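Read through the structure below, which is laid out as structure tokens, and then see the notes.
A short reminder: the numbers here are calculations on the coordinates, not readings from a lab. Everything numeric in this text was worked out from a predicted model, so none of it was measured. Cβ placement follows ideal geometry from the backbone for every residue including glycine, while neighbour counts extend to all protein chains displayed.
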């Protein structure tokens with residue numbers, strides 16, 4: 001038996017949210033929806049797990065970079081505050 005197409009409609013605001021999530025994950029909206037449905041049904045393959053772990057690792061690395069930047073910004077602000085208090 002061949003594959004069946006699934007079609008449904010979303011409000012524009014919901015679609016935009018879905019589109020942003022798909023963009024963040026580097027996939028198309030249909031690929032994201034298909035992956036979510038397969039996961040819900042317990043049919044997601046190992047390849048999906050590997051790609052999700054890779055995505056999470058990339059997000060962790062991004063968060064670590066952002067945290068480092070925030071720490072530098074805080075250190076600079078503290079130096080400025082200390083100089084202002086001395087003046």
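Would you calculate, for the chain, the mean residue ellipticity at 222 nm contributed by helices, counting each DSSP H stretch of 4 or more residues as -39,500 (n - 2.57) and dividing by all residues, to the nearest 500?
-27000 deg cm²/dmol
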Please give, to one decimal in nm, the separation of the simple spin-label points placed at residue 1 and residue 15, each 7 Å out from Cα toward the Cβ. 3.0
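Where Rh is the Kirkwood radius over the Cα pairs of the stretch 12-86, the temperature 25 °C and the viscosity 0.890 mPa s, what D in µm²/s does Stokes-Einstein return?
158
Going by how many other Cβ atoms sit within 10 Å of their own, how do 29, 50 line up, fewest first?
Details: 29 15, 50 10.
With the fewest neighbours first, 29, 50 line up as 50, 29.
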Report, to the nearest 10°, how far helix 12-25 tilts away from the longest principal axis of the Cα atoms in the chain, using its own Cα long axis and a range of 0 to 90°. 70
Tilt of helix 29-40 relative to the longest C-alpha principal axis of the chain, in degrees (0 to 90, nearest 10)? 80
Tilt relative to the chain, helix 46-86 - C-alpha long axis, 0 to 90 degrees, to 10: 20
